[in-house]
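Below: the structure, in structure tokens.
Read-outs throughout are calculated quantities, based only on the coordinates presented, and are distinct from any laboratory measurement. Model, not experiment: these values are computed from the prediction. With ideal geometry, Cβ positions are generated from the backbone for all residues, glycine too; neighbour counts draw on all protein chains shown.
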């Protein structure tokens, strides 16, 4: 995986006013945890947004360059404005390459379109989980974990225990005694009968039965 570098500057000013001033300059307040003291920083909003746009933004060991000093870190949290979807704040956790960490890793499902349950049985593939929590050394953290679903049939599901973890990686859920389903192929629902057809069938007379007249026939001699 290509190294991801985020340039950061030390931040002395704190508080709401200082944070707003940074954002007007196109920068985002951030904090780097893991050292003796949390280090307040600021990062380029555009640069950080580009990192967050990647699928593996929270499962990659980044290089945070603090005024030229490189620090390895995980991106732990990103806060957005609830209406404008504007990036407001980011938290990083400093790590060493051999440090044991827990992190969420994205799942990539391969072979769904060619699976018998989809291609032959017209079933619908559905992902239940899009990531799994893993425990490993920072240097062993995978960018993603591929899940082969090419043999699945309608009614099949694939569970975490069926995956082979990458070397040096453990699945946290299995260690806790859980084995969650990750994906399933379900039978497609039959197309519902159109209301017009159902109404016409209900109004049709039974076999051998005369259709009812719209109005009674006039009596003879009237």
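Remarks
- As a rough guide to protection, the peptides 26-34, 100-108 ranked by mean Cβ packing within 10 Å, highest first, stand as 26-34, 100-108.
- Average silhouette area of the range 5-95, convex hull of alpha-carbon atoms, in square nanometres: 5.7 nm²
- Relative contact order computed over the range 1-116 (Cα-Cα under 8 Å; 6+ residues apart), in percent: 26 percent
- Segment residue 5-residue 77, length gained on full extension (0.36 nm per residue, minus Cα span): 24.2 nm
- Hull volume per residue, based on the alpha-carbon atoms of the range 68-110 and their convex hull, is 158 Å³.
- Along principal axes, Cα extents of the range 101-186, largest first, whole Å: 42, 24, 16
- Using the Cβ-Cβ distance between residue 65 and residue 133 with R0 set to 30 Å, the FRET efficiency from 1/(1 + (r/R0)^6) comes to roughly 0.60.
- Equivalent ellipsoid semi-axes - Cα gyration tensor, the range 1-158, angstrom: 37, 19, 12
- Across the range 101-186, Cα pairs under 8 Å and at least six residues apart give a relative contact order of 39 percent.
- Segment residue 156-residue 172, length gained on full extension (0.36 nm per residue, minus Cα span): 3.4 nm
- Per-pair calculated FRET efficiency, R0 = 45 Å: residue 144 and residue 12 via Cβ, rounded to 0.05: 0.75
- Gain on full extension, evaluated as 0.36 nm per residue between residue 99 and residue 31 minus their Cα-Cα distance, stands at 22.5 nm.
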